[in-house]
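Asker: Encoded as structure tokens, here's the structure I'll be asking about.
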Amino acid sequence: MTHSPPGGQPTLWWQAVDGGTPPEPLGEGGPPRFPSDFSPRERVLAYTEEKEFGNPDIWLLPLDDPAHPRPFLSTPFRESGATFSPDGTWIAYVSNESGRNEVYVRPWPGPGPKIQISSEGGTDPIWSRNGKELFYRSGEKMMAVAVTTQPAFQPSKPQLLWEARYAHGMSSSCGPPGTTEGNYDVTTDGRRFLMIKDVHEDLVSTRIVVVLNFAEELKALAKAQQK
């Protein structure tokens, strides 16, 4: 799966993982589209679609009928980063409807209300493989929320796992400005994370030079130049 052919308009294409067949477009051309996740139970692709005017929305595309995608969230706000729960009954996503990015969950295929997961800002949601935790990022913090789904969806209070500087989601060159598609993953047992770190960032050192009696030194330099 790729979001753009070489040198082409960002849209939805797919290709066999072994590379044995050339990429093929998914659906008709249109606004820039950026894939985020597959439903584990149905052949449905979640993606972010950029509007010509306004903020991006979340759409769902059935692979058995790619000519008829349907909106999952189409609002005046910016939504992105849709990810399906392992049982395929919930979708976590990011919205700035509160004035800042927060992580929410909605039932799929619905109906049902949205449930806020993050409390102090959040992006890049990812489910644990057993569906009992939802991970997200809040700035440089990695957060975890334990969830129960029966008899109703109930999130716990967010817990800090660690705070460290790692690369964040897609840049605007790979997706519409403001989108929050994650670029990390968690192992099956939920005990390890695969993160991206800029090793060159740790090698950069900053030297601060403090000059005392600057005015006197400036006068001395001026006198030296007059001689």
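Asker: I'd like to verify a number: residues in the stretch 27-75 that are touching a residue at least 24 places away in the same chain (Cβ under 8 Å), small (Gly, Ala, Ser) and out of contact with any strand residue (DSSP E or B) (no Cβ under 9 Å at 6 or more places or on another chain), how many?
Answerer: 1
Asker: For the condition over 21 Å from Arg192 (Cα atoms), crowded, with 18+ Cβ neighbours inside 10 Å and charged (D, E, K, R), what is the one hit in Arg106, Arg100, Arg70?
Answerer: On the way: Arg100 fails: crowded, with 18+ Cβ neighbours inside 10 Å; Arg70 fails: crowded, with 18+ Cβ neighbours inside 10 Å.
Residue meeting the stated conditions: Arg106.
Asker: Let me ask another. Could you please tell me which pairs satisfy a Cβ distance under 9 Å, a separation of 6+ or placement on different chains, a first residue in the stretch 76-93 that is surrounded by fewer than 18 Cβ atoms within 10 Å (Cβ to Cβ), and a second residue that is acidic (Asp, Glu) and in a loop (DSSP other than H, G, I, E, B)?
Answerer: Taking only residues 6 or more apart or on different chains, the pairs are Pro76/Glu97; Phe77/Glu97; Gly88/Glu42.
Asker: Would you check which residues across the stretch 154-182 are outside any loop (DSSP other than H, G, I, E, B) and at pLDDT below 85 and list them? Outline the logic, then answer.
Answerer: First pass over the stretch 154-182, keeping only residues outside any loop (DSSP other than H, G, I, E, B): 154-155, 159-163.
Scanning the stretch 154-182 gives no hits.
Asker: Here's something else I'd like to know. Is it the case that Ile196 is β-branched (Val, Ile, Thr), more than 16 Å from Gly81 (Cβ to Cβ), at pLDDT below 65 and loosely packed, with under 11 Cβ neighbours inside 10 Å? Spell out how you get there, then give the answer.
Answerer: On the way: β-branched (Val, Ile, Thr): yes; more than 16 Å from Gly81 (Cβ to Cβ): yes; at pLDDT below 65: no; loosely packed, with under 11 Cβ neighbours inside 10 Å: yes.
Taking the combined requirement at face value, the residue does not satisfy it.
The values are calculated or read from the model by the stated rules, or taken from the named source; none is laboratory data. Since we're looking at a predicted model, the values are computed, not measured. Backbone-built Cβ (ideal geometry, glycine too); neighbour counts: all protein chains shown.
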